[in-house]
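Report on one structure; see the data block that follows.
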Amino acid sequence: VLLRFGQQLKLREIAQVTGLPMRTVQSRTETLLRRAQTGDADALDALVREYYPQILNYCRWHVPDAQQAQDAAQETFYKAVRWLDGCGGFAGQFRPFLYKIAKNVCADWHRASARDGPALESLPEEPGYQEAGFAAAEDALSLRALTARLDPETRELVLLRFGQQLKLREIAQVT
């Protein structure tokens, strides 16, 4: 996985940096998928390393707690691996496939939390104070509150497009 200033590069950027054709870069994921389906643990590990940060970031927008987001991301990859183990082949793009699973995992979490107790937003606010990282966390909560005002479908589109930088074609496959 190529990184630039701590950011994961998109396939098009990888192709530009390496000088490889876009098809060659895309075929890397396809090759890793085929190898993972045959039981190659290194290929599966490479896929997880490549896509986990993106899926975790997506899950952070859909569940209120960092630990729950990690659990949701882990559940996403668990379900993806189970699906890869049980199917004869993979048709389509892997990234939208993962986002679709993550979307469903987060929706399941919300349904379960609605049954189990009050939502985080309904709890009383804590008194304001400054600690290391507090301002950044407060900004993230403000952004979460702004997106929470949108209807669920619009919020999902905004987060996929601007929070996850998915292409419109990929968003169409997720939603």
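Mind ranking ARG35, ARG149, ARG49 by accessible surface for me, highest first, 1.4 Å probe?
Details: ARG35 95, ARG149 190, ARG49 135 Å².
The residues order as ARG149, ARG49, ARG35, largest area first.
At an R0 of 35 angstrom, the distance between the Cβ atoms of LEU150 and GLN93 translates into a FRET efficiency of 0.85.
The values are calculated or read from the model by the stated rules, or taken from the named source; none is laboratory data. Since the structure is predicted, the reported quantities are computational estimates derived from the model, not experimental observations. Quick reminder, even Gly has a Cβ in these numbers, built from the backbone with ideal geometry, and neighbours come from all protein chains shown. The area values use the complete protein model at the heavy-atom level, side chains included, leaving out ligands, DNA and RNA. Shrake-Rupley method; radii C 1.70, N 1.55, O 1.52, S 1.80 Å.
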